[in-house]
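Have a look at the structure below, then the notes.
The values are calculated or read from the model by the stated rules, or taken from the named source; none is laboratory data. The model shown is predicted, which means the values in this text are computed figures rather than measured ones. Here the Cβ positions follow ideal geometry from the backbone for every residue, glycine too, while neighbour counts run over all protein chains shown. Protein only, heavy atoms only, side chains kept; ligands, DNA and RNA dropped before computing areas. Shrake-Rupley method; radii C 1.70, N 1.55, O 1.52, S 1.80 Å.
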Amino acid sequence: MPDAPEDVARLAEERAVARASKDFATADTLRDRIADAGWMVVDEPGGYRLERPREEAEPRDRARASDVASVLEDEPDMDVSVQWVCEGWPGDIERAIAGFRANEGGRSVQYVIADVTDRDPSAWGDEVEVVWLEEGTGWGAARNAGLKRSRGRTVLVMDGSVEPTGDVFGPIESALTDARIGVCGPFGIVTHDLRQFDEARGGDVDAIEGYLMALRRETLLAAGLFDEEFRWYPPADIEYSFRVRDLDGRATVVDLPVTKHEHRMWFNTKPEDRARWSKKNFYRFLDRFRDRWDLLVDPLPEDERPHRHEHEHDDRRP
């Protein structure tokens, strides 16, 4: 840092020490002091650098989801990427991040938030990558915009309703050492008729629920991103799990130390709207997978299977 004043360089070193000890409150305070001195600290693999902000920096614009650059084809440089879509209630996500940070266990962890609200991105703090998306971005497009920024070997697709209360990463990494497992998480569901889905307590399941879905980076690349026609989240998790299953990957429940709180978006959406949107999305799932009995763990016998338009709406609730 030859161009940075000695006091600024000292603050930057103190901030690096605070980050290494996971004292993020102190790190944020030191970042602000560096900014007050007219400098900007930029984190990068292996350290940081100090830069002078541009004299007339343009205000940050909210991006179109389709314009977000992908790093998925790059070599991963983090152990884990954890990603949320923020459509409101940022405190839920902050609660989850705090739970993860308390149990990183020496891993390098990237936290990514695809934010469709008008919250100032800087409010999330230094240690979070924020993809600030334009108003009106649908759930699927927002989810994909965040996933495109994933730098980890393991990727967690998260909902803010889930709070880690212990080491989540260890059991997930252990499960995913089994190459036969394509997607895992603590909440699984099964179906016998491709219409009605029920919760499952453990073992192999037909789908992992989107509260927490974990997969290897290479599985994400092979299965592709979420269907952006899902502007509302159910049953995007079922559809994605089936895509992973179609790659000969198992969906498996893993016991994890998490607490599931109220799903804010579900309970703050009018019942008639969520019923209409969920039904539309479920038909989209059926258009692709209604005849894929081979993907089910325990399908109905062939002579008991429903006809094409019989009972075609999953009435699952959070």
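So here's what we get for this one:
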read-out: Helices (runs of 4 or more DSSP H) contained entirely in the stretch 211-270, each with at least 3 residues that are on the phi < 0 side of the Ramachandran plot and modelled with pLDDT of 95 or more; value: 217-223, 236-245
read-out: Any hit, the stretch 244-256, residues being open to solvent by less than 30 Å² (accessible area, probe 1.4 Å), touching a residue at least 40 places away in the same chain (Cβ under 8 Å), among the hydroxyl-bearing types (Ser, Thr, Tyr) and closer than 30 Å to Glu135 by Cβ; value: no
read-out: Test for Glu218: is it open to solvent by 70 Å² or more (accessible area, probe 1.4 Å) and touching a helix residue (DSSP H, G or I) at 6+ places or on another chain (Cβ under 6 Å); value: no
read-out: Answer residue from the stretch 108-133, given it is among the charged types (D, E, K, R) and modelled with pLDDT of 95 or more and is most open to solvent (accessible area, probe 1.4 Å) among those; value: Glu129
read-out: Val71 vs. criteria among the hydrophobic types (A, V, I, L, M, F, W, C), surrounded by fewer than 17 Cβ atoms within 10 Å (Cβ to Cβ) and touching a residue at least 40 places away in the same chain (Cβ under 8 Å); value: yes
read-out: Residue in the stretch 82-90 that is closer than 21 Å to Ala25 by Cα and open to solvent by less than 20 Å² (accessible area, probe 1.4 Å) present; value: yes
read-out: Enumeration of residues in the stretch 153-168 that are buried (at least 23 other Cβ atoms within 10 Å of the Cβ) and more than 19 Å from Asp92 (Cα to Cα); value: Thr154, Val155
read-out: Residues of the stretch 263-283 that turn out to be free of Cβ contacts under 8 Å to residues at least 60 places away in the same chain and under 22 Å from the mean Cα position of the chain (by Cα), as a count; value: 8
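So that you can scan it fast, the table gives a plain yes or no per residue for (1) on the phi < 0 side of the Ramachandran plot; (2) hydrophobic (A, V, I, L, M, F, W, C); (3) under 22 Å from the mean Cα position of the chain (by Cα):
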residue: Asp23; (1), (2), (3): yes, no, no
residue: Asp28; (1), (2), (3): yes, no, no
residue: Ile34; (1), (2), (3): yes, yes, no
residue: Trp39; (1), (2), (3): yes, yes, no
residue: Gly47; (1), (2), (3): no, no, no
residue: Glu87; (1), (2), (3): yes, no, yes
residue: Ala102; (1), (2), (3): yes, yes, yes
residue: Asp115; (1), (2), (3): yes, no, yes
residue: Ser122; (1), (2), (3): yes, no, yes
